[in-house]
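Report on one structure; see the data block that follows.
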Amino acid sequence: MADGRAPLAGRTVVITGASRGIGSAVAARVAGLGAKLIRVSRERDTALRQITAQHGVPDVVISNAGGFILAPLEETTDALLREQLAINLEAVFAVARQFLPLMRERGSGIHVIIGSVADSRPFAGNAAYAASKYGVRGLHEVLCEEFRGTGVRCCLISPGPTDTSVWDPVDPDHHEGFTPRAEMLRPDDVADAVIYAVTAARHVHVESIRLGPA
């Protein structure tokens, strides 16, 4: 049983997109709290099935992998839209479909999606990205209803601008209307929210968390 020093001891946590940024910060925190951490770099069905075959049904799944582009509508091609939907929405769907039914059969589990403030707030130049993130929020809300009362808890964490490498091509410090990087959230701030959600008492359902720069 987990104790106060290692609240995730003995629990298996799967995280996608853990190589950098928010995912790396979350992975470090989860591992530091005693969890057995499984990193997934590609959300192909075969890779996901291998996890359950080798490690059993995870206790926590964190869908963090995603992509971020900024482009006005007239520069958003069909291919760019499909790319954002595949990375940000279809991959999340694939992870949920693989693990949530198995969690329901067991009667326990936590499914966390790292979303974005763009899942409910419109920004210019966000046509493809927002379409994918609004879709993620819709998916999450449906999952909450489908799995409510089963022992499976679903949480959507929607951070505002966070200082990671995704901003390197944008250079927000030199473009009007963007949050300067020094004022953005840090990946550890988002990791704090994830840890709160996955270590809450079993009778507590942290359905969503929205956070942004002060």
Based on what the data block shows, is Ala25 modelled with pLDDT of 90 or more, open to solvent by less than 20 Å² (accessible area, probe 1.4 Å) and over 20 Å from Ser108 (Cα atoms)? yes
Of residues in the stretch 180-214 being open to solvent by 30 Å² or more (accessible area, probe 1.4 Å) and among the hydrophobic types (A, V, I, L, M, F, W, C), the one farthest from the chain's Cα centre (by Cα): Ala182
Residues of the stretch 130-179 classified as more than 25 Å from Leu85 (Cβ to Cβ), charged (D, E, K, R), modelled with pLDDT under 95 and open to solvent by 60 Å² or more (accessible area, probe 1.4 Å), total: 3
Every pair of residues 6+ apart whose Cβ atoms lie under 6 Å, when the first sits in the stretch 145-157 and is under 21 Å from Val194 (Cβ atoms) while the second is in a loop (DSSP other than H, G, I, E, B) and aliphatic (A, V, I, L, M): Cys155/Val206
Mind telling me which of the residues Val206, Val190, Val170 ends up being more than 20 Å from Ser24 (Cα to Cα) and touching a Leu at 6+ places or on another chain (Cβ under 9 Å)? Val170
Residue count for the stretch 110-131, restricted to those that are assigned to a helix (DSSP H, G or I), farther than 28 Å from Arg202 by Cα and free of Cβ contacts under 8 Å to residues at least 60 places away in the same chain: 5
Does the stretch 105-129 hold any residues that are open to solvent by 20 Å² or more (accessible area, probe 1.4 Å) and in contact with a Phe, Trp or Tyr (Cβ under 8 Å, 6 or more places away or on another chain), and which are they? Ser120, Tyr129
Tell me, yes or no, whether the stretch 56-68 has at least one residue that is within 25 Å of Ala200 (Cβ to Cβ), open to solvent by 60 Å² or more (accessible area, probe 1.4 Å) and not hydroxyl-bearing (Ser, Thr, Tyr). no
Within the set of pairs 6+ apart or on separate chains, which have a first residue in the stretch 75-88 that is under 15 Å from Ala118 (Cβ atoms) and outside any helix (DSSP H, G or I), a second that is aliphatic (A, V, I, L, M) and open to solvent by 40 Å² or more (accessible area, probe 1.4 Å), and C-beta atoms under 8 Å apart? Thr76/Ala127
Given the options Thr150, Thr179, name the one that is over 20 Å from Ser19 (Cα atoms), touching a Lys or Arg at 6+ places or on another chain (Cβ under 9 Å) and among the polar types (S, T, N, Q). Thr150
Being open to solvent by less than 50 Å² (accessible area, probe 1.4 Å) and without any contact (Cβ under 8 Å) to a residue 60 or more places away in the chain is the filter; apply it to the stretch 89-100 and report the residue that is nearest to Ala128 (Cα to Cα). Leu89
Sort out which residues of the stretch 16-65 are at positive phi and either among the hydrophobic types (A, V, I, L, M, F, W, C) or under 15 Å from the mean Cα position of the chain (by Cα) (or both), and write them in order of number. Gly17, Gly21
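The values are calculated or read from the model by the stated rules, or taken from the named source; none is laboratory data. Computed from a predicted structure; not experimentally measured. Note: ideal-geometry Cβ built from the backbone for every residue, glycine included; neighbour counts use all protein chains shown. For accessibility, only protein heavy atoms count, side chains too; no ligands or nucleic acids. Shrake-Rupley method; radii C 1.70, N 1.55, O 1.52, S 1.80 Å.
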